[in-house]
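Just below is one structure, and these are the notes that go with it.
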Amino acid sequence: MPSHYLPDEYDNKGQLRLPLAFWLILLLQARTWLLFIMAGASRQQGSDLLALFYPDRQAFWIGIASGIPAALGLLLTGYRQRLPRLWQSWRWVLIVSLLASVVQQGWLAWQDDQALAASLLALVDLFAAGWLLCHRRLADCFRPDRHVE
């Protein structure tokens, strides 16, 4: 299959390299997980750090649950060739997860619980979902026929 990508855009396994923005979106989606890891690493100030960003414990657990697809996506990047069907569908899992996050943040903004922060996060999540949906190179990264043998 002829490729319209440069040879430098493939890794040593012959897979199309994932764009940097994809990694940033995964980190954005897994933001509660990252905060949880940082809180665990800081030991004494960990609970204060969590309370600062998540004064409501329920919101923390919702954030942990909504970050699971991104955390699994980070793990799946190493198994792109071994689990091609799962990898191929994972882009859609991430998009749906981001759209669910947009709805959640919109709900929080509508309830006026930290409306500005929730609105900004909703806009960022919506932009990320649109990028995941429309970026051609990223879509090609999720296609198993887009690798060099």
- [ ] Mind checking the full-extension length gain between Arg82 and His4? Use 0.36 nm per residue of separation minus the Cα-Cα distance, one decimal, nm.
- [x] 25.6 nm
Open item on the list: Give me the extension gain from Val124 to Ile62: residue separation times 0.36 nm, minus the current Cα-Cα distance, reported in nm with one decimal.
Closed with: 20.5 nm
- [ ] Show the residues, 5+ positions off or on another chain, whose built amide H is closer than 5 Å to the amide H of Tyr10.
- [x] Arg17
Task: Rounded tilt (10° steps) of 115-134 against the dominant C-alpha axis of the chain - done: 10
Open item on the list: Calculate the FRET efficiency for Leu74 and Gln44 from the Cβ-Cβ distance with a Förster distance of 25 Å, rounded to the nearest 0.05.
Closed with: 0.35
Open item on the list: With θ taken as phi - 60° and the coefficients 6.51, -1.76 and 1.60, list the Karplus ³J(HN,Hα) couplings across the range 46-61 in order, rounded to whole Hz; mark glycine and proline as x.
Closed with: x, 5, 5, 5, 5, 5, 5, 8, 10, x, 9, 4, 5, 5, 4, 5
Open item on the list: If you fit an axis through the alpha-carbon atoms of helix 84-110 and take the longest principal axis of the Cα set of the chain, what angle between them do you get, 0 to 90°, nearest 10?
Closed with: 30
- [ ] Quote to one decimal, in nm, the extra length available between Leu27 and Ala117 on full extension: 0.36 nm per residue of separation minus the C-alpha distance between them.
- [x] 30.6 nm
Open item on the list: In the range 7-77, if the dipole is taken from +1 on Lys/Arg beta carbons and -1 on Asp/Glu beta carbons about the Cα centre, which of Ala30, Leu75, Leu52 is farthest to the positive end?
Closed with: Leu52
Task: Vicinal HN-Hα couplings computed from phi for the range 5-20 (Karplus, 6.51 cos²θ - 1.76 cosθ + 1.60; Hz; Gly/Pro x) - done: 10, 6, x, 5, 7, 10, 8, 6, 8, x, 8, 4, 5, 6, x, 4
Task: Electrostatic dipole magnitude of the chain [Cβ: Lys, Arg +1; Asp, Glu -1; Cα centre; debye, to 20] - done: 460
Open item on the list: Below 8 Å between Cα atoms, with a sequence gap of 6+, how large is the relative contact order for the chain in percent?
Closed with: 29
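Values in this text are rule-based calculations from the coordinates and carry no lab data. Since the model is a prediction, treat every value here as computed from it, not as a measurement. Cβ sites come from the backbone with ideal geometry, for glycine too, and all protein chains shown count toward neighbours.
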